[in-house]
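Visitor: Sharing a structure with you now.
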Amino acid sequence: MAREVDIAALGELLIDFTEAGYSKDGMKLFEQNPGGAPANLLTVASHMGYKTAFIGKVGTDMHGAFLKKTLQKEGIDTTALIEDEHYFTTLAFVEIDENGERNFSFARKPGADTQLRKEELDKELLRNCKIFHFGSLSLTDEPARSSTREPSLYRCGGSQRNTRRRSCRRSSCST
């Protein structure tokens, strides 16, 4: 029997090290925070009572374990979250300017999130979720770029080039 999931999201799951003041010696301090737009969307949806699932990859390191535990605590299904011993979980250092604008510096050379391969996707989850969402950072590097595009074959009825937007609107895909 297929899992019932309202929203599945694919993409980056990373640590945001956000500025958190200064040390007594004047050095910037950073705080570990879970990050990644797809996970943020799922967290809100989960809090609203929707059944959610995350599709992506983290490293088998302390940051990946923290992120998986955080998703589970928020009620997000992590069955399709892959833990890869060959790549480190992506880190983002977030600087906040005097106007409150954020500036990101990513440590992902490559990060685990960029290494999600098409054959690792949970095709049953992709076929059966009511809404599929993906984040833009997963489109920056291969193989994650191709893996992010792959679900359109399951969700949007075929070709990724012609009529993709029209098909996606009918099939509840979102970006």
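The values are calculated or read from the model by the stated rules, or taken from the named source; none is laboratory data. Here the structure is a predicted model, which is why all the values come from computation and not from measurement. No Cβ is skipped: glycine too gets one built from the backbone with ideal geometry, and neighbour counts run over all protein chains shown.
Visitor: Where residues in region 8-45 are assigned to a helix (DSSP H, G or I) and over 11 Å from the mean Cα position of the chain (by Cα), which of them is surrounded by the fewest Cβ atoms within 10 Å (Cβ to Cβ)?
Guide: 44
Visitor: Applying the selection to region 10-27, what residues are in contact with a Phe, Trp or Tyr (Cβ under 7 Å, 6 or more places away or on another chain) and without any contact (Cβ under 8 Å) to a residue 40 or more places away in the chain?
Guide: 20
Visitor: Now for a separate question. Could you tell me whether residue 120 is within 18 Å of residue 57 (Cβ to Cβ) and at pLDDT 85 or above?
Guide: Criteria met by residue 120.
Visitor: Next question, about the same structure. Answer yes if at least one residue in region 86-106 is without any contact (Cβ under 8 Å) to a residue 40 or more places away in the chain and of a type in the set (Val, Ile, Thr), and no otherwise.
Guide: No, every residue in region 86-106 fails to be without any contact (Cβ under 8 Å) to a residue 40 or more places away in the chain and of a type in the set (Val, Ile, Thr).
Visitor: I want to confirm something. Restricting to region 128-149 and keeping residues that are more than 15 Å from residue 12 (Cβ to Cβ) and basic (Lys, Arg), which single residue is surrounded by the fewest Cβ atoms within 10 Å (Cβ to Cβ)?
Guide: Step by step, filter region 128-149, then rank; the result is 130.
Visitor: Hey, among 20, 8, which residue is of a type in the set (A, V, I, L, M), closer than 28 Å to residue 87 by Cα and in contact with a Cys (Cβ under 8 Å, 6 or more places away or on another chain)?
Guide: Answer to the selection: 8.
Visitor: Let me ask something else. Quick check on residue 134: is it more than 27 Å from residue 4 (Cα to Cα), aromatic (Phe, Trp, Tyr) and at pLDDT 90 or above?
Guide: no
Visitor: Within region 97-146, restricting attention to residues that are in a strand (DSSP E or B) and of a type outside the set (A, V, I, L, M, F, W, C), which residue is nearest to residue 54 (Cα to Cα)?
Guide: 133
Visitor: Mind checking which residues of region 46-80 are aliphatic (A, V, I, L, M), in contact with an Asp or Glu (Cβ under 7 Å, 6 or more places away or on another chain) and closer than 13 Å to residue 6 by Cα?
Guide: 53, the sole residue that qualifies.
Visitor: Also, I was wondering about something else. Name the residue, out of 68, 28, that is within 18 Å of residue 107 (Cβ to Cβ), basic (Lys, Arg) and in contact with a strand residue (DSSP E or B) (Cβ under 8 Å, 6 or more places away or on another chain).
Guide: 28
Visitor: Follow-up. Can you name the residue in region 86-96 that is part of a strand (DSSP E or B) and aromatic (Phe, Trp, Tyr) and is also nearest to residue 43 (Cα to Cα) among such residues?
Guide: Ranking the qualifying residues of region 86-96, first place goes to 93.
Visitor: Name every residue in region 90-127 that is surrounded by 15 or more Cβ atoms within 10 Å (Cβ to Cβ), in contact with a strand residue (DSSP E or B) (Cβ under 7 Å, 6 or more places away or on another chain) and hydroxyl-bearing (Ser, Thr, Tyr), in order of residue number.
Guide: Of everything in region 90-127, just one residue is surrounded by 15 or more Cβ atoms within 10 Å (Cβ to Cβ), in contact with a strand residue (DSSP E or B) (Cβ under 7 Å, 6 or more places away or on another chain) and hydroxyl-bearing (Ser, Thr, Tyr), namely 90.
Visitor: I need the full set of residues from region 48-85 which are more than 11 Å from residue 112 (Cα to Cα), touching a Ser or Thr at 6+ places or on another chain (Cβ under 6 Å) and assigned to a loop (DSSP other than H, G, I, E, B), in order please.
Guide: 74, 75
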